[in-house]
Amino acid sequence: MPEYFREAAHATADLVADYLEQVPGKPVWQPMDPAARQALLEAPLPAEGRALAELLAVIGAEVMPAPMGNGHPRFFGWVNSAPAPAGVLATLAAAAMNPSSAGGDHADVHLERAVVRWIAELVDFPHPPGGGLLTSGTSMATIVCLAAARGRAARRAGHDVRADGLAGLPPLVGYVSGETHSCVRKAAELLGLGSRQLRTVATDAEGRLDPQALRAAVAADRAAGLLPFLVVASAGTVNTGAVDRFEPIADLCAEQDLWLHVDGAYGAFGVLDPSIAHRYAGLERADSLALDPHKWLGVPVDCGCALVRDAEELRATFSLVPSYLRDEDAGGLGWFSEYGTEQTRPFRSLKVWATIAHRGRDGIAADIAHCTRLARRLGELVEADPQLELLAPVETSIVAFRARPAGLDEEALNVLNQALPQAVQRGGQAFVTGTVLAGREAVRACLLNATTTEADLAVLLAEVRSAACELTGRLSTRQ
Ligand SMILES: *Cc1c(COP(=O)(O)O)cnc(C)c1O
């Protein structure tokens, strides 16, 4: 290895450490300078190469000054976390090794088995050997889990979906709620189930799937000759962080022979906070759980995880072993590529290993509890302000609220609150995003960063108040 690589590697370490150190003192996010944006968009294909040192200078000057904002303690947008420092370093080491974690006898493969087990242990989900794998995110984990659900339902109906597709089967029906993430519909569409066969079941006032409505919907579909096979519940909805009540749903699934899939992308790790762990009772009864270490754990993107109660269901869904790849590994588990969609697979496990090992289970639990406590605090601050209105109970670490200045009707409130997140974002002091809850435009703050403080919450609310004030002024002069 030439000496210039070592020099550039040291310089990279400094660049990265400086960057992470400076993030909290900078604006959370700023619109890109048009010329800088154009320079990136129109970068010509270089005919000749450049020295590593020069490339680092470009990265430092043209790329790193324009981040998304999610590394900042006052970034509360969507569900995007700050990177765990240990995960950042592990990413470099993983790239240096650059294996394909499809299978075989090398460290990355065994490490993935270990960290998938760790993830299952963190959220108290049963984990038979081979019962899960890392994916690009929950969108892919959902495809993996729902494919297994589809395969099992077809098999139990005497049908081989891998050979024959869905033709000849009664229509398979799945059940979701209005709060279910769009990745479930995407997976159902891709798997040929058809989004029309995905029933939207009513939710209660807190946005949780209503088990009675679910029971009625399943009965109606059975009576119509359809084949109910799947229920998707949420361990933390993306809008409000609501956690479905798993026990009655799991009871129904057991009774009706339905596959219970839980979307824990954002919220499954919330179970680590003893003060809200009771909300997750029954989660361990699911047939599959999709979750995202790249969200609340802060593992650098990308890293999702699919966990299943029965490892054979996954292998039966995906295993296709060409003879040139056949290889019996020590545990008889076969390759990861027999359990999911990818053949060449990235070395995701090292950044997961580093992130979890750096904080330990207790440190992670403390970080999670910090976020839920701050979220409850933010909810209290919102409720204490007559100009603001909390729109959903704070169940995990998402706070949905809106500005409600006196004298505005619902329509004007919607106009105001729809414009509010972007107005806050442009100020550069805090970053929130919006959503719609029961027809009402809402501001949504998602707390995932353990370095966020109560002082940061005060800044956020000050920014919301002043942006709301300014927008309200403009609204009234327009009328
Ligand atoms: C983020 C998210 C998803 C999608 O996961 P990706 O990792 O973005 O593919 C699904 N469900 C919920 C609740 C989420 O927060």
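For a Förster distance of 41 Å, can you work out the FRET efficiency between the beta-carbons of Ala114 and Leu52, rounded to the nearest 0.05?
According to the calculation, E is roughly 0.75.
Classify the stretch 2-67 from the C-alpha gyration tensor, please: rounded if a/c falls under 1.5, else prolate or oblate depending on whether a/b exceeds b/c.
oblate
Out of residues 5 or more away from Val201 or on other chains, whose amide H comes under 5 Å of its own, with H placed 1.01 Å from N in the peptide plane?
Sorted by chain and number, the residues that satisfy this are Val176, Ser177, Gly178.
So, R0 is 41 Å and r is the distance between the beta-carbons of Ala458 and Arg156; what FRET efficiency does that work out to, to 0.05?
On the way: r = 56 Å, r/R0 = 1.36.
Calculated value: 0.15.
Multiplying the sequence separation of Glu411 and Lys26 by 0.36 nm and subtracting their Cα-Cα distance, what value in nm do you get?
Result for the pair: 135.0 nm of gain on full extension.
State the dimensionless ratio Rg/Rh of the chain (Rg: radius of gyration of Cα atoms; Rh: Kirkwood radius). Show your work: numbers first, answer last.
Values: Rg = 24.0 Å, Rh = 24.2 Å.
Rounded to two decimals, Rg/Rh equals 0.99.
Which three semi-axes in whole Å describe the equivalent ellipsoid of the stretch 355-478, each the square root of 5 times a Cα gyration tensor eigenvalue, listed largest first? Intermediate results must be reported in sequence, preceding the final value.
Details: eigenvalues 177, 39, 27 Å².
Whole-Å semi-axes of the equivalent ellipsoid: 30, 14, 12.
Using the C-alpha atoms of the stretch 223-281, what convex hull volume per residue, in cubic angstrom, is computed? Kindly include the intermediate steps, with their values, before the conclusion.
Details: hull volume 5.5 nm³, N = 59.
Residue-normalised Cα hull volume stands at 93 Å³.
Rounded to the nearest 0.05, what FRET efficiency do Arg196 and Asp18 give with R0 = 35 Å and r taken as the Cβ-Cβ distance? Could you check?
Values: r = 53 Å, r/R0 = 1.51.
Calculated transfer efficiency: 0.10.
If I model a spin label as a point 7 Å beyond the Cα along the Cα-Cβ vector, how far apart are those points for Gln212 and Arg361 in nm?
3.9
Sorted from largest to smallest, which semi-axis lengths in Å does the alpha carbon gyration tensor of the stretch 99-346 give for its equivalent ellipsoid, taking the root of 5 times each eigenvalue?
So the equivalent ellipsoid measures 28, 23, 14 Å along its semi-axes.
Quick check: pseudo-label points 7 Å beyond the Cα along Cα→Cβ at Ala43 and Ala277, how many nm apart are they?
4.7
To the nearest 500 deg cm²/dmol, what mean residue ellipticity at 222 nm is calculated for the chain from DSSP H runs of n ≥ 4 alone, each contributing -39,500 (n - 2.57), summed and divided by the residues?
-14000 deg cm²/dmol
Can you list, largest first and rounded to whole Å, the semi-axes you get for the stretch 277-416 by taking the square root of 5 times each eigenvalue of its Cα gyration tensor?
44, 19, 15
Would you mind computing, in nm to one decimal, how far apart the modelled labels at Leu92 and Ala254 are, each placed 7 Å from Cα along Cα→Cβ?
The answer from the label model is 5.1 nm.
Just so you know, all these numbers are worked out from the coordinates, no wet-lab data involved. These figures come from a predicted structure and were not determined experimentally. As a convention, Cβ positions derive from the backbone with ideal geometry for all residues, glycine included, and neighbour counts pool all protein chains shown.
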